[in-house]
Structure formats: structure tokens, C-alpha cells
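Starting off with a structure, shown below.
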Amino acid sequence: MTSLTIDKEKCIQCGLCATECPIDIITEKDGEMILQHPGFCLFCGHCKAVCPEDAIAFPSLPDHEFVPLSEADAAMDPDRLLLFFRARRSMRKYRDTPVEPEKLEKIIRL
Ligand code: SF4
Ligand code: SF4
């Protein structure tokens, strides 16, 4: 199974992906980005998130698993985020109603 690919036509060798990879899977060699031991990839998506040319792909995963930083920035509203943090509480009493399986599946996937 191919964990990730780098499109050489799109890549501008900026090196951001190599800088971000926590386990040095992507590295530069002779002016080209190469993959070392891609089987150990953690699928964290850092490399794809920072790539300015959308040159990195994960064939085995759907694109929506990796949200570009620009989209996340645009969706981020500091006031709403602060409100969310302040409203967050630990629940110690529970309703006697089952949680829908699709909600559980979504939480597990996150
Ligand atoms: S997904 Fe994460 S571990 Fe895999 S190559 Fe990219 S940055 Fe490295
Ligand atoms: S971040 Fe993208 S454009 Fe930059 S070196 Fe990596 S694959 Fe190439």
C-alpha cells in the first residue's frame, strides 16, 4: 500500500513538508524531495497541510481527512473559540438515552 506520494510536477522544493515531518520521512536529496521509509508514516497530515502547492497525496485516505491550514484559519473565529472553551464542562450526570451509533462513529474517527 502506498502511504503518500509527492507530485514532482507540482513540487517547488520549498522544503516545508520535510521541516514539518516529525519522523523525517520526507527529505531533500539532489534538489528533489524523496520519501524514506514511507511505511512508517503516521498519517498525521502535517506535510500535506503545509504544502503550498498541494503536491502531497494520500491515496488510501479521502481528501477531507486533511483540511488545509488556510481553510482552518478562515473558519477560526477567536471569540467563538473562547466561548467554547469557557462553556466546556465535565458532565457527571447522564441521561438515560442511548447515543446514536453514527455520533459514536464520528467521535471515534476524530
Ligand atoms: S503524514 Fe506525517 S509522518 Fe507522514 S510523511 Fe507527512 S508529516 Fe511525516
Ligand atoms: S511542501 Fe510541497 S512544494 Fe514544498 S517541498 Fe514539500 S511537496 Fe514540495
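Does GLY39 meet the test of being away from ligand 2 (no atom under 11 Å from the Cβ) and not β-branched (Val, Ile, Thr)? Talk me through it step by step, then tell me what you get.
Working: away from ligand 2 (no atom under 11 Å from the Cβ): yes; not β-branched (Val, Ile, Thr): yes.
Considered against the rule, which asks whether it is away from ligand 2 (no atom under 11 Å from the Cβ) and not β-branched (Val, Ile, Thr), GLY39 comes out as yes.
Taking helices (runs of 4 or more DSSP H) that do not extend beyond region 24-110, which have at least 1 residues that are under 22 Å from the mean Cα position of the chain (by Cα), surrounded by fewer than 10 Cβ atoms within 10 Å (Cβ to Cβ) and of a type in the set (Val, Ile, Thr)? Walk me through it before giving the result.
Numbers: elements: 46-50, 69-75, 78-87, 101-109.
Helices (runs of 4 or more DSSP H) meeting the threshold: 101-109.
Identify, from the list GLU20, GLU102, GLU65, the residue that is at pLDDT 90 or above and within 16 Å of ligand 1 (Cβ to nearest atom).
On the way: GLU102 fails: within 16 Å of ligand 1 (Cβ to nearest atom); GLU65 fails: at pLDDT 90 or above.
Step by step, each of GLU20, GLU102, GLU65 is checked, and only GLU20 is at pLDDT 90 or above and within 16 Å of ligand 1 (Cβ to nearest atom).
Would you point out which residue out of GLY45, GLY15 is within 8 Å of ligand 1 (Cβ to nearest atom) and either over 25 Å from ARG109 (Cβ atoms) or of a type outside the set (Ser, Thr, Tyr) (or both)? Don't jump to the end; show me each part of the working.
Values: GLY15 fails: within 8 Å of ligand 1 (Cβ to nearest atom).
Selected residue: GLY45, the only one of GLY45, GLY15 that is within 8 Å of ligand 1 (Cβ to nearest atom) and either over 25 Å from ARG109 (Cβ atoms) or of a type outside the set (Ser, Thr, Tyr) (or both).
Then there's this: Determine whether HIS46 is touching an Asp or Glu at 6+ places or on another chain (Cβ under 8 Å) and of a type outside the set (Asp, Glu).
On the way: touching an Asp or Glu at 6+ places or on another chain (Cβ under 8 Å): yes; of a type outside the set (Asp, Glu): yes.
Considered against the rule, which asks whether it is touching an Asp or Glu at 6+ places or on another chain (Cβ under 8 Å) and of a type outside the set (Asp, Glu), HIS46 comes out as yes.
What residue, among those in region 1-17 that are exposed (fewer than 15 other Cβ atoms within 10 Å of the Cβ) and more than 6 Å from ligand 2 (Cβ to nearest atom), is modelled with the lowest pLDDT?
MET1
The values are calculated or read from the model by the stated rules, or taken from the named source; none is laboratory data. On a predicted model such as this, the values are computed, not experimentally measured, just so you know. Quick reminder, even Gly has a Cβ in these numbers, built from the backbone with ideal geometry, and neighbours come from all protein chains shown.
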